[in-house]
1. Provide the convex hull volume over Cα atoms per residue for region A:1-147, in Å³.
2. Using the C-alpha atoms of region B:82-222, what convex hull volume per residue, in cubic angstrom, is computed?
3. Relative to 2.2 N^0.38 Å, what does the C-alpha radius of gyration of region B:12-51 come to as a ratio? Two decimals please.
4. Report in % the part of the accessible area of chain B that belongs to carbon and sulfur, leaving out ligands and nucleic acids; probe 1.4 Å.
5. I'd like the mean, over residues of A:106-113, of how many other protein chain beta carbons sit within 10 Å of each residue's own Cβ.
6. Given the peptides A:152-158, B:77-83, arrange them by the average over their residues of other C-beta atoms within 10 Å, most packed first.
7. Compare the peptides B:36-46, A:71-81, B:166-176, B:8-18 by average per-residue count of other Cβ atoms within 10 angstrom and give them in order, highest first.
8. For residue B:82, go through the lysines and keep the ones whose alpha-carbon is under 28 Å away, minus same-chain ones fewer than eight residues off.
Amino acid sequence: MKPRYALLGLATIGMVYGFSWATRMPGDAVQGESARIISVHVPTAWLAFLAFGMTAVFGIAWLVTKHARADHLAAASAEVGVLFTGLALITGMIWGKATWGIAWDWGDARLASTAMMFFVYLGYLALRRATPDPTQRARRSAVLGAIGALQVPLVYFSVNIWRTLHQTQSVRPDGASMPTETLISMLVNLAAFTILYLGLLVWRADQLRFEEARLAQTHLTPNAGAAVIPPKLQPGS
Amino acid sequence: MTFRKQAMIILRRDLRIEGRSGEAMFITVPFGLVALFLIPLALPLNTELLSTIGPGMFWVVTLLFGMFITFRQSAAESSAQKEQLRMLGTDPAARFTGRAAASAILLLGFELVVAPTMIVLFAPAAVPGWLAVTPLAILAAAGLAIIGTLAADLTASLRTRSALAPLLVAPLSVPLLVPAAQGMESIRTKNGILIPALFMVAVVLAVAVIGVVTAQPLEETT
């Protein structure tokens, strides 16, 4: 069995188990049933940080080793990160609507900074699409990935730096401020979603490798409107 | 030639070219001022509301329109010019530093024109100690100049550059915009600007280090 299928299978089992714990956890005294969304929201937000952090790590690895696999992994990580950041924003808005009464609060530092991080990585993917040459693409996106990673600690600590509407971290070294069932559901899903990230990362990186190899084989360049080169005339033709 | 001397030569060259073309001062500054004139037209004519949003609009206009200063045509070098600088043995990091410094000076000029206009048009509450905005303005100009120069290098020679570069710079400028706006609010409420200013210093230093370290690999792309 290919590793990616094993990872995706393991992630599915983990999520089923995690969500079963989510149905068992008690409703929150203040937030009611809406608090169950923590089982999805926290893992997706964690993956947003992890994916963008790994984009920078793989990008720097490419700058050091010039190994194409590192670039494919960086690109795959950014794509998966954009997906999970989008999910974290959507689930956060659903939770905010149920708890705060509004889906979006401009004064909330975590919401605004997460949205900006999302746009940084949309820019990253746009830069990749705009650069046809594989080496240039890898180099430019590696640099942007490193700059973009500066946003990750900013977003993570935004709830501590600017005390706005968003709650601070529920799980800290000195303990967790939540019931055990909620914590188990969250941690199991955190592990399952991380495995899902790894599966998607390997899968997408393989796809990118195949796409690049196919383009190289067929001598196609992905930039539409490239110059048409006239055929070389052979002597005597 | 030392790093500093190389950077100074590039800085002087960029400012001289800008002095000849006037691209930033005659195009980007009026463009930013138009934005300041447009905002009140799109809002209900409420003097109190305008005086509240005025300082925030100053930073938004500085970051959104000021970035065009870092992308100005005079800052872009042709492949031949780059090749010549490379053959002369110019350090890519010095080139980056010189260009970013030139953009920072021009951005400060932009802020100097936009700020009085904002005060006249939006009439924010006069508070003693407005001079404390100066370090925030310098840090914002320096940070934006570095991010803009990096984005210009990242998108060099791309067909989609004019749209892509602002997409990269705008969200990356948020760590500058938020503390700058907070610092302005701190001045209004007579609190210190030390924390926002230190935060901006950290951001400027981080992007400056990335810019200098990646100048060599980025030069290889073009």
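1. Here the figure is 115 Å³ per residue.
2. Convex hull of Cα atoms, per residue: 113 Å³.
3. 1.77
4. Carbon with sulfur: 71 percent of the solvent-accessible area.
5. Partner Cβ neighbours, averaged per residue: 1.
6. In decreasing order of mean packing, A:152-158, B:77-83 become A:152-158, B:77-83.
7. So the peptides B:36-46, A:71-81, B:166-176, B:8-18, ranked by packing, come out A:71-81, B:166-176, B:8-18, B:36-46.
8. Straight-line reach from residue B:82, under 28 Å: A:66, B:5.
The values are calculated or read from the model by the stated rules, or taken from the named source; none is laboratory data. Values in this document were obtained by computation on a predicted structure and should not be read as measured data. Heads up, the Cβs are rebuilt from the backbone with ideal geometry, glycines too, and the neighbour counts pull from every protein chain shown. The accessibility values were calculated without ligands, DNA or RNA, using every heavy atom of the protein model including side chains. Shrake-Rupley method; radii C 1.70, N 1.55, O 1.52, S 1.80 Å.
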